[in-house]
Amino acid sequence: DASRRDEFTLDIEVCAHCACLRPLRSPIQCPRSLARAAQTEKWRERIRKEMGFAEHLRYKYLVSLDGHSYANRLIKLLATNSVVIKEATPDVEFFYHLLQPWVHYVPFYERAADDVLGMLRNLTAHDGDARRVAAAGQAFAHGHLHVDARACYWRHLLYGWARRLAYAPSLAHRPRRS
């Protein structure tokens with residue numbers, strides 16, 4: 001059955017990602033048979049190959065997984081015309097409070113490690129909703145996450161921080177390079 005084969009491929013790729021890149025912090029508990037298969041050299045090599053970002057643009061669904069902290073490529077993924085499927089996470093970036101699940105991205109791993117499969121079935125069954133999420137994510141990224149908007153955020157953050165300091169910062173006594 002083709003749909004079952006697709007689920008297996010997704011499962012084993014997620015397991016391989018977890019096994020090869022995130023062995024200490026994997027929220028996804030893989031079945032033992034898939035975990036063993038993910039340890040094979042064939043799957044390790046497949047996961048190790050880095051895909052150029054331009055290749056990501058061919059895919060309808062892009063997954064954002066955290067590494068050892070926040071997923072810094074989320075801004076790039078949101079800017080595409082693909083549906084971003086984002087792992088629920090305690091790690092946050094400066095703009096996360098503005099993102100709305102099911103509006104700008106589709107969340108997974110909210111309740112259980114394997115909820116991604118049901119969510120993908122739901123997305124493929126409701127293509128119009130998926131397209132709306134992709135368009136809203138793209139509009140959000142282009143409206144709020146472009147270079148000038150990020151520079152504005154950092155400027156406000158640093159000026160606000162400077163106002164709260166009990167001393168006047170100075171570069172006068174900084175170490176000099178020889």
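The values are calculated or read from the model by the stated rules, or taken from the named source; none is laboratory data. Because the structure is a prediction, the values reported are computed rather than measured. Counting neighbours? That spans all protein chains shown, and the Cβs are built from the backbone with ideal geometry, glycine included. Just the protein is used for accessible areas: all its heavy atoms, side chains included, with ligands, DNA and RNA removed. Shrake-Rupley method; radii C 1.70, N 1.55, O 1.52, S 1.80 Å.
Ala130 fails exactly one of the following numbered conditions: (1) under 17 Å from Ser64 (Cβ atoms); (2) open to solvent by 30 Å² or more (accessible area, probe 1.4 Å); (3) more than 15 Å from the chain's Cα centre (by Cα). What is the number of that condition?
(2)
If you take the residues in the range 55-90 that are within 21 Å of Val147 (Cα to Cα), within 9 Å of the chain's Cα centre (by Cα) and open to solvent by 50 Å² or more (accessible area, probe 1.4 Å), which one is modelled with the lowest pLDDT?
Tyr70
Could you tell me which residue of the range 95-113 is surrounded by the fewest Cβ atoms within 10 Å (Cβ to Cβ), considering only residues that are modelled with pLDDT under 90 and in a loop (DSSP other than H, G, I, E, B)?
Arg111
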